[in-house]
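First up is the structure itself, then whatever we jot down about it.
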Amino acid sequence: KMNRNVKDLLKESRSASPLVPLPSNAFIPERDLKTSPVLEAVHLGVSFGGLNAVDDFSLVIGRTEIAGLIGPNGAGKTTVFNLLTNVYQPTRGNIMLNGYSTAGKSTAQVNRMGIARTFQNIRLWKTQTVFDNVLIAKHMRRSSNMFSATFRGNRKEEARQRAEVLELLKVVGLEDVQNELATSLPYGKQRRLEIARALATHPKLLMLDEPAAGMNPQETNELTE
């Protein structure tokens, strides 16, 4: 079952740019044909103790595409997310992000390459404020080196990052609670904070693992907006 707004968005996306086949038999929006896909996962598989948790999974995502991974509980959706972010190393297959293989990379390295995600079970820094949860993620993209931090200072960059954090909190409607502890927020706002934290790393691909799970209708509508 899909939120009606999501259905309308998918319908508009198809009408604006029909899906066309790639040579690999994948489908991407026609408007993305002249650019390389942001993600190519080919014949992925992972086994745990002889059990195939994911087998022969392939996925291509165009640069302007919004895609949904749909399946029943236990189908392996979160396992796929863990494979794409290298929480699990694939037993079989390959993952290309912006044309570069993620094989052998750590989860942090994959994030720097351009994938950010949220989790089915919220994972925030519980002892940090809303603002600091997003600011810490910003440090992934910090450009200052040891010399500049030690001798010249990095106040300009720090000020820029703080301004960007505040802008992200405004986007998700949390600027009024920026100084509260993350875990003091209602469930729906914690979900939005996790999305803001993911966006803070400037991802090329944003992956949301059941972002509306556990929300009441009002919280789901706020998230949709």
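The values are calculated or read from the model by the stated rules, or taken from the named source; none is laboratory data. Keep in mind that what you see is a predicted model, and the values were worked out from it rather than measured. Every residue, glycine as well, gets a Cβ built from its backbone with ideal geometry; the counts of neighbours run over all protein chains shown. Each accessible area value is taken on the protein alone, full model and side chains, heavy atoms only, with ligands, DNA and RNA left out. Shrake-Rupley method; radii C 1.70, N 1.55, O 1.52, S 1.80 Å.
Would you please give the FRET efficiency between S47 and I122, computed as 1/(1 + (r/R0)^6) with r the Cβ-Cβ distance and R0 = 35 Å, to the nearest 0.05? Don't skip to the answer; put the middle values down first.
Numbers: r = 29 Å, r/R0 = 0.82.
After rounding to 0.05, the efficiency reads 0.75.
Could you check the simple spin-label distance between S184 and E225, using points 7 Å along Cα→Cβ, in nm with one decimal?
2.4 nm
Cα-Cα over 24 Å: which of K126/K156; K126/K204; K105/K138; K34/K138; K138/K204; K34/K77? It would help to have the intermediate numbers written out before the result.
Numbers: K126/K156 28 Å; K126/K204 27 Å; K105/K138 20 Å; K34/K138 31 Å; K138/K204 15 Å; K34/K77 29 Å.
From the list (K126/K156; K126/K204; K105/K138; K34/K138; K138/K204; K34/K77), the Cα-Cα distance tops 24 Å for K126/K156; K126/K204; K34/K138; K34/K77.
What order do V60, V165 take when sorted by accessible area (1.4 Å probe), most exposed first?
Details: V60 20, V165 0 Å².
Listed by decreasing accessible area, they come as V60, V165.
Work out, step by step, the length gained on full extension between I70 and L33: first 0.36 nm times the residue separation, then minus their alpha carbon distance; give nm to one decimal.
Values: separation 37, 0.36 × 37 = 13.32 nm, distance 2.43 nm.
Extra length from I70 to L33 when fully extended: 10.9 nm.
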